[in-house]
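For reference, the structure is listed below as structure tokens.
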Amino acid sequence: MARASLPGQTGLSQATVHRAIDRLEEAQIIQLGESAANGPGKPSPVVSIKGSTVYGLGLCINTDAITFSLADLRGVTRVTENITADANDPQSVAKEILTRIREIRDGGSLKTEQICGMGISMPGFRDQSANSFQTPRPLSAWRGIEVDNFFHNATGFDAFVENNGACGALAELFAGHGVQDQSFGYLSFNFGFGGGIVLDGSLVRGARGNAGEIGKVFTNEQMEHRPALGELLQRLSAHGIVLDRVSDLNTRFEREWPGVNEWITEVTPYLDLAIRAITAVVDPSFIVFGGEAPPALKTMLLDASAKQFIDRWGRTFPMPTLKSSNIPGDPALLGAAFLAMKNRVFL
């Protein structure tokens, strides 16, 4: 954007803005481009973020796979790799990540000091400890571990952690629909079913860091009917379609598979309950369907969801718009990298 527009955007004086820009340019965080006309007077140079100076390391831990990435300040993912270590072996995971970073560094494409920090996306919810999670059963070895301290001690990087729903919401805020409107709900379709809340550009965390854990609105008897992809894999297996992991849905999913339409019908009332719960408590502009669900499946869920709510008196209650995330792959991976940058750069 034009430098001359920044005082109005920030509420700072022109002199303060110019001094800040000079410091950020010297630090190679931003860059000045060709001048752009901005009303009468001398054209103002265009200010933009310089992406190649600082990187956020993102780590996405899922029940069946672990992926890490390096994203620059502009949100461009420069490196994406799978971790081959057992997802339920924390020490092996940390060791392999450190090895991969050293390989990238030794290849000359990155200096270690360019990594501002490490963001970790974890499935599950926080327990009584600030950054310890109650994870799904396939990741039981992570329970009781202070995730941020564990990775800081293992790698030396400043580490920050949120669950995968919150990380997906961060990705949407910085690189998705949140660019246009910064108050929204996020539904994360993964092995389980969770979410995140963003209000006025800030991730809502709550007193114990579990805000947005929308799956907790269901009773124990309802859990198998919630729109969790782990449940879909079981339904597909009963029809002879065996997928080894949730991530296989993104490469193999077909709308015509037997059992898919039945599952959509089964989970729709519970999905609508989650949407109404978010609407009643937060009243967001829109709700994003994200997580690991393939685009075609998200479209089916969107089409099946109720677009309006009629109360018992026949009155229409205003509902948020429902949108599908356009971020490729698992948005939580990019969100984890943004988590590091948000805590170390975009304060």
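Worth pointing out:
- Screening region 193-252 for residues that are among the acidic types (D, E) and not in a loop (DSSP other than H, G, I, E, B) and picking the one that is farthest from A280 (Cα to Cα) gives D248.
- Yes/no for R255 being touching a Leu at 6+ places or on another chain (Cβ under 9 Å), assigned by TED's automatic domain parsing to the domain that holds V204, on the phi < 0 side of the Ramachandran plot and charged (D, E, K, R): yes
- Subset tally (residues that are out of contact with any Phe, Trp or Tyr (no Cβ under 9 Å at 6 or more places or on another chain), at pLDDT 90 or above and buried (at least 16 other Cβ atoms within 10 Å of the Cβ)) for region 103-140: 1
- When T299 is tested against (1) in a helix (DSSP H, G or I); (2) touching a helix residue (DSSP H, G or I) at 6+ places or on another chain (Cβ under 8 Å); (3) not small (G, A, S), exactly one condition is not met: (2).
- Residues in region 232-282 that are surrounded by fewer than 17 Cβ atoms within 10 Å (Cβ to Cβ), of a type in the set (S, T, Y) and under 23 Å from P138 (Cβ atoms): S237, T251.
- Residue within region 247-262 that is free of Cβ contacts under 8 Å to residues at least 24 places away in the same chain, aromatic (F, W, Y) and more than 28 Å from G201 (Cβ to Cβ) present: yes
- Qualifying residue in region 54-61 (condition: crowded, with 16+ Cβ neighbours inside 10 Å, part of a loop (DSSP other than H, G, I, E, B), under 24 Å from the mean Cα position of the chain (by Cα) and at pLDDT 90 or above): yes
- Matching entry among I61, I83, I29 (being touching an Asp or Glu at 6+ places or on another chain (Cβ under 9 Å) and in contact (Cβ under 8 Å) with a residue 12 or more places away in the chain): I83
Residues are listed down the side, and each one gets a yes or a no for (1) under 26 Å from A65 (Cα atoms); (2) under 22 Å from the mean Cα position of the chain (by Cα); (3) at pLDDT 95 or above:
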| site | (1), (2), (3) |
| --- | --- |
| V198 | no, yes, yes |
| A228 | yes, yes, yes |
| E231 | yes, yes, yes |
| R235 | yes, no, yes |
| W257 | yes, no, yes |
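- Residue match in region 174-190 (condition: under 14 Å from the mean Cα position of the chain (by Cα), acidic (D, E) and either assigned to a strand (DSSP E or B) or surrounded by fewer than 18 Cβ atoms within 10 Å (Cβ to Cβ) (or both)): no
The values are calculated or read from the model by the stated rules, or taken from the named source; none is laboratory data. Model, not experiment: these values are computed from the prediction. Don't worry about glycine lacking a Cβ; one is built from the backbone with ideal geometry, like all the others, and counts go over all protein chains shown.
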